[in-house]
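What follows is a single structure, written as structure tokens, with notes after it.
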Amino acid sequence: MLVQICVALLTTGLLVASACYAESPPEQRWWAAGNVVITLGMAMSSVQALPLVLNAIVCYGVIAFGLGLALRGLRVYCAETLSWTSIVIMAGVALAFAAYFTLVVPSLRARLCFSGFYFAILNWICALAVARHGNWRVTGITVGGFTLLGLALFLRGVHMLLHNENDSSLVIALSALIVPLAQICIAFGLILMVMWRYAERLRRLSTLDALTGALNRAGLEIQGKRVGLRALRGGRSLAVIMIDVDCFKVINDTYGHPVGDEVLRHLARLVKLELRPHDLLARFGGEEFVLVLDGVSLDTALNVAERLRARIEHERVELEKLSVRYTASMGVACSDQHDYDLIRLISAGDAAMYQAKRAGRNRIVAG
């Protein structure tokens, strides 16, 4: 028990330290709080000098409450929630059974059996909450830790059910080894989950345009190559639509840059309505966007561009008391004429788009 408490203190300190900064995610704070409470409960159960109510009853409720907090953090990580009522019920069940086997029908053996089975179930519920999230490369260590910890507690409960509580055996020895190892796996697994989420956030920030939410040029280069290779291997056409807001400098000079920014956001939202899941939208620079369409011929791409052009022409951008109309010129290029090289397609679409501007704006030209 002393080893388990020391390991619990170590892992708790690790989680608390990782959660003690201003922008730590809420789930990390729940995990840290849960581990602090669990460690407190374990310490209470091991100090024989404490009153019986604390040493044999309250400590089980405290541990269950801490597991409830940890489970809440896991649910938050998975974009779900766990009500305080559920957490209180989890702690209340532990308190009720511990009180029954301490005050009504005193039996250390029954109390230990119950705690082993009950805490095993709670740990398996935690494992299930993470497993449902998927992405085993990230959550595998955490799921394994909770599963292993639950298994060790369950086997300890079975052993106590079949043998005297003072009996020492291989099961008890193994559980004494497995429980600390599982706690370490859980702590490092939780930190790995948060690190992965931050890495994903950084990756998105490095490939997305902050203003419009479309891909930036770096994101277009990475994902555009994948789409091009996929279309080439599948023998499908690849089309590019270059979109440029007409007279954008006039909009900025007349209404101000906040309105210009809203025009770009509005345009991105309209284009996204035409996107299929595997199509790409990127802000190529300034007021210029590029739309990459997999499996689309030149004629179909021209039809898509025309729908977009008409939609943009009839929409209004509303910002405070202002109502602004704008139009866009577009150039369309397809791999049927320019091969699958994305840079060549973009160049051809860009040249066609400038032809559309020279021809009077608010129109489409095929390159």
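A short reminder: the numbers here are calculations on the coordinates, not readings from a lab. Not measured: the values here are computed from a predicted model. Glycine gets a Cβ as well: all are built from the backbone with ideal geometry, and neighbour counts include every protein chain shown.
When the chain is treated as a Gaussian network with alpha carbon springs shorter than 10 Å, the biggest mean-square fluctuation among Ser83, Ser45, Ser115 belongs to Ser83. Proximity of backbone amide H atoms, modeled 1.01 Å from N, is registered between Ala366 and Val332 at under 5 Å, excluding neighbours fewer than 5 places apart on the same chain. Backbone geometry of the range 136-141 corresponds, through the Karplus equation with coefficients 6.51, -1.76 and 1.60 at θ = phi - 60°, to 3J(HN,Hα) couplings of 5, 4, 9, 8, x, 5 Hz, x marking Gly and Pro. Loop-located trypsin sites (Lys or Arg not before Pro) across the range 277-361 with a Cβ neighbour count of 16 or fewer within 10 Å are Arg316, Lys321, Arg325, Arg361, with loop assigned by DSSP. Length gained on full extension, His163 to Ile125, computed as 0.36 nm times the residue gap minus the Cα-Cα distance: 11.0 nm. Highest mean first, the peptides 122-133, 56-67, 257-268 sorted by other C-beta atoms within 10 Å per residue fall in the order 56-67, 122-133, 257-268. Inter-label distance, Ala79 to Leu54: 4.5 nm, where each label sits 7 Å from its Cα along the C-beta direction. For helix 26-46, what angle does its Cα long axis make with the longest principal axis of the chain, in degrees from 0 to 90 and rounded to 10? Helix 26-46 and the main axis of the chain meet at about 10 degrees. The GNM of the chain, with springs linking C-alpha atoms under 10 angstrom apart, assigns the highest mean-square fluctuation among Val105, Val245, Val179 to Val105. For the pair Ile89 and Arg197 in one chain, pulling the backbone fully straight at 0.36 nm per residue adds 35.8 nm over the alpha carbon distance. Spin-label pair Phe188-Asn135: with each label point 7 Å from Cα along the Cα-Cβ axis, the two points sit 2.0 nm from one another.
Starting from the Cα of His314, step 7 Å along the direction of its Cβ; do the same at Arg204; then give the gap between the two resulting points in nm. Reported label-point gap for His314 and Arg204 is 3.3 nm.
Here the 3J(HN,Hα) profile of the range 120-134, calculated from phi with Karplus coefficients 6.51, -1.76 and 1.60 at θ = phi - 60°, is 5, 4, 4, 5, 5, 5, 4, 4, 5, 4, 6, 4, 5, 6, x Hz, Gly and Pro shown as x. In the chain, the C-alpha radius of gyration followed by the widest Cα-Cα span (Dmax) gives 30.3, 93 angstrom.
Using only the Cα atoms of the range 73-153, build the gyration tensor, take square roots of its eigenvalues as a ≥ b ≥ c, and label the shape rounded, prolate or oblate: rounded if a/c is under 1.5, else prolate if a/b is larger than b/c, else oblate. Since a/c reaches 1.5 but b/c is at least a/b, the shape of the range 73-153 is classed as oblate. Taking a ≥ b ≥ c as the square roots of the eigenvalues of the alpha-carbon gyration tensor, the range 141-273 is classed prolate because a/c is 1.5 or more and a/b outweighs b/c. Evaluating 6.51 cos²θ - 1.76 cosθ + 1.60 at θ = phi - 60° for every residue in the range 86-93, the Karplus couplings come out as 5, 5, 5, 4, 4, 5, x, 4 Hz, glycine and proline recorded as x. Can you tell me the orientation of helix 257-274 relative to the chain, as the angle in degrees between its alpha-carbon axis and the longest Cα principal axis, to the nearest 10? The angle comes out near 80 degrees.
How many angstrom lie between the Cα centre of the range 78-133 and the Cα centre of the range 250-271? Spelled out, the Cα-based centre of one part sits 56 Å from the other.
Prolate is the label for the range 33-112. Its Cα gyration tensor axes, ordered a ≥ b ≥ c, give a/c of at least 1.5 and a/b above b/c.
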